[in-house]
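Just below is one structure, and these are the notes that go with it.
The values are calculated or read from the model by the stated rules, or taken from the named source; none is laboratory data. Values in this document were obtained by computation on a predicted structure and should not be read as measured data. Cβ: placed from backbone, ideal geometry, glycine included. Neighbour counts: every protein chain shown.
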Amino acid sequence: MDRLTRIFRLHQLLAAHRYPVTRARLEEELECSRATLTRILAEMRDLLGAPIAYDPEHGGYRYTQASFELPGLWFTPSELYALLAAQQLLEEAQPGLLDLAPLRQRIEKLLIGAHQSQGELARRVRVLRAAARQPDTRIFQTLADATARRRRIHIRYLGRERGAETERSLSPQRLIHYRDNWYLDAWCHLRDELRSFALERVIVAQPRDEAALDLADADLDAHFKQSYGIFSGAPTHTARLRFSPQRARWVAEESWHSAQQGEWLGDGRYELAVPYSDPRELLLDILKYGPEVEVLAPEELRQAVIERLRAALGQYDSIGADGRLQREP
């Protein structure tokens, strides 16, 4: 155990106990000799101003000030590694959006001071991105700043579905990272309702001096979290899906929705019930399992899947006059 870790651990022990902690207990917890403990106690008193006193009646040490905290930021090596891993994950998940170099440098200096190495962890942490759409760095930073400072934002937005460009005045509520992409949940003053905006579709973002409209976390959760995936609103349907025994071993351990319900069947198949309102994202998730899943209900969702599968087959096959599939050469 290095010197900084021992100081931090000693502080934890004294702060957590109302009664004096014996020297023997401190030496055991800090894995050090009597002389080393004496030096650490002196450093904490003289250099850090720790109010440590010896209690002869109980034969131990205690804080004379219950609310004392070590000056500055203190981390154990394991906590520093956790910070470094989090920084590495964020940097690789969305490269370039946030300037994380200063954070990395500070963490590395702290690790060096604690006689630890960070190079191996940086080599061993990797994030693989799939179907990620990269937003403009300046727009991301502008929206993040407006969200943090609780200021309105004016944007020009190019909708993907209709290809139409609109101008919006927004009160930003939350930045959401979902399936490798960024979204802004905001109150749209044009539509007078909560909306979710894909950041890569924001063409221009200009901050305003007006204060943003603040909505309660409970209201945001109720609007954005109840339905399936990125789509908002209260669920209006429940999908019942039956997965093959081969695929069930994966699906049973997946979280599709906070209110989902699953049941194992006697033959190894697995049934999953998922609430939803807009079926578009759910359809894509169902279709990727191909023959390993069957939609049991509702009927309109089942028919939507059948139509998609027929359309997909139509890309490769055609129906002959005899009603049989004619394979393309």
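Quick notes on this one:
- Inter-residue pairs, beta-carbon under 7 Å, first not assigned by TED's automatic domain parsing to the domain that holds Tyr178 and in region 248-268, second among the small types (Gly, Ala, Ser) and surrounded by fewer than 13 Cβ atoms within 10 Å (Cβ to Cβ), 6+ apart: Ala248/Gly268
- Here Arg149 meets each of (1) touching a strand residue (DSSP E or B) at 6+ places or on another chain (Cβ under 6 Å); (2) over 18 Å from Glu281 (Cβ atoms) with one exception, condition (1).
- Residues located in region 178-192, provided they are touching a strand residue (DSSP E or B) at 6+ places or on another chain (Cβ under 8 Å) and within 17 Å of Asp136 (Cα to Cα): Asn181, Trp182, Tyr183, Leu184
- Hits in region 37-66 - residues which are within 13 Å of Arg3 (Cβ to Cβ) and touching a strand residue (DSSP E or B) at 6+ places or on another chain (Cβ under 8 Å): Leu41, Met44
- Close pairs from region 292-311: first within 16 Å of Glu281 (Cβ to Cβ) and at pLDDT 95 or above, partner of a type in the set (Lys, Arg) and assigned to a helix (DSSP H, G or I), Cβ under 9 Å, at least 6 apart: Val293/Arg247; Val295/Arg302
Quick grid of which residues meet (1) loosely packed, with under 13 Cβ neighbours inside 10 Å; (2) at positive phi; (3) in contact (Cβ under 8 Å) with a residue 40 or more places away in the chain:
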| site | (1), (2), (3) |
| --- | --- |
| Tyr183 | no, no, yes |
| Ala205 | no, no, yes |
| Arg208 | no, no, yes |
| Asp219 | yes, no, no |
| Gly229 | no, yes, yes |
| Ala239 | no, no, yes |
| Phe243 | no, no, yes |
| Tyr270 | no, no, no |
| Tyr276 | no, no, yes |
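- Answer residue from region 18-71, given it is at pLDDT below 90 and of a type in the set (S, T, N, Q) and is surrounded by the fewest Cβ atoms within 10 Å (Cβ to Cβ) among those: Ser67
- Failed criterion for Arg162 (all others in (1) under 18 Å from Arg208 (Cβ atoms); (2) charged (D, E, K, R); (3) outside any strand (DSSP E or B) hold): (1)
- So Tyr270, is it at pLDDT 95 or above, closer than 30 Å to Ala198 by Cβ and of a type in the set (Ser, Thr, Tyr): no
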